[in-house]
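Here the structure comes first, spelled out in C-alpha cells, and everything after it is commentary.
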Amino acid sequence: MECPSCARDLDHCHGTLVLHVDALVECTEPDCTDTDLVRHSLTIRCDEVDGGCVCTADYVVEYAQAS
C-alpha cells in the first residue's frame with residue numbers, strides 16, 4: 001500500500017506531531033526538521049501521550065508556584 005501523499009509527491013511527514021502546552025512542538029519522526037502543522041496528518045496533545053508529559057498544566061502550575 002502506498003501513501004497517497006507520497007504518490008502525489010506532496011510535502012508531508014509520516015510522524016505524529018506532539019503539541020506541548022508550553023507551545024513547543026516535536027515530531028515522532030527522527031528525520032523530521034519541519035514541524036509545521038500542515039505537514040502532519042497526525043497530531044496529539046502531550047497530555048494524551050502514554051505516561052504524560054512534564055509540561056502538562058499541573059506541572060506548569062506547580063513550577064510557577066515553587067518559583
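The values are calculated or read from the model by the stated rules, or taken from the named source; none is laboratory data. Everything numeric here is computed off the predicted structure, so don't read it as measured data. Reconstructed Cβ throughout: ideal geometry from the backbone, glycine too, with neighbour counts over all protein chains shown. In case anyone asks, the SASA skips ligands and DNA or RNA and just uses the protein heavy atoms, side chains included. Shrake-Rupley method; radii C 1.70, N 1.55, O 1.52, S 1.80 Å.
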Of the residues that sit in the stretch 34-66 and are more than 18 Å from S5 (Cα to Cα) and in a loop (DSSP other than H, G, I, E, B), which one is modelled with the lowest pLDDT? T56
Name the pairs: first residue in the stretch 4-26 and outside any loop (DSSP other than H, G, I, E, B), second residue open to solvent by 90 Å² or more (accessible area, probe 1.4 Å), Cβ to Cβ under 6 Å, at least 6 apart or on different chains? T16/L42; L19/R45
Here the residues within the stretch 27-59 that are in contact (Cβ under 8 Å) with a residue 24 or more places away in the chain, surrounded by 15 or more Cβ atoms within 10 Å (Cβ to Cβ) and out of contact with any Ser or Thr (no Cβ under 9 Å at 6 or more places or on another chain) are R39, C53, C55, T56
